[in-house]
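Written out below as structure tokens is the structure these notes cover.
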Amino acid sequence: MEVKTRYEIEFPINSSPQLLYQYISTPSGLSEWFADNVNSRGEFFTFIWNDSEEKARLASKKSGEKVKFKWVDANNKDSEYFFELHILVDEITKDVSLMVIDFAVDDELSEAKLLWENQISDLKHVIGSV
């Protein structure tokens with residue numbers, strides 16, 4: 001298995017943290033911008049894109065602030081990789097941004113970041129933050 005590198009990207013988003021949290025923490029919210037379809041059964045979420053399907057476990061969440069999904073294998077065992085979506089609010093300006101923490105193989109890092117940029121662009125369109 002290839003080793004992946006952790007990376008973080010921050011996206012300014014013109015939205016309330018409460019509204020944004022609905023889009024990053026619920027299957028219906030995530031399926032509007034992150035994947036073609038998202039199903040959940042208990043703590044397990046299935047992300048569906050075209051013909052591929054990935055399963056993750058909701059490892060942690062803090063209402064209105066962040067969610068962390070750990071990718072799991074066919075036996076629902078956690079892998080070492082995860083992605084985390086963290087809502088940041090500037091204390092002074094009250095500007096809201098979304099911090100994405102994810103992993104990618106080194107030679108796919110720029111493609112992975114571009115994919116997030118596209119997905120966050122979709123998210124901004126869905127919530128009217130364009």
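Couple of notes before you dig in:
- With Cα atoms, 0 to 90° folded angle of helix 109-127 axis to the chain main axis: 50 degrees
- Solvent exposure of the chain as accessible area per residue, Å², 1.4 Å probe: 59 Å²
- Spread over its residues, the convex hull of the C-alpha atoms of segment 1-113 is 120 Å³ per residue.
- Relative contact order of segment 17-110, defined on C-alpha pairs under 8 angstrom at six or more residues apart (%): 17 percent
- Alpha-carbon centroids, segment 110-124 and segment 53-109: separation in whole Å: 14 Å
- The portion of the accessible surface of the chain made up by carbon and sulfur, rounded to a whole percent, is 46 (1.4 Å probe; DNA, RNA and ligands excluded).
- Distance between the 7 Å Cα→Cβ label points at S60 and V105: 2.9 nm.
The values are calculated or read from the model by the stated rules, or taken from the named source; none is laboratory data. Every value quoted in this text rests on a predicted model; they were computed, and no experiment measured them. Cβ sites come from the backbone with ideal geometry, for glycine too, and all protein chains shown count toward neighbours. Heads up: the accessible areas ignore ligands, DNA and RNA and are worked out on the full protein's heavy atoms, side chains in. Shrake-Rupley method; radii C 1.70, N 1.55, O 1.52, S 1.80 Å.
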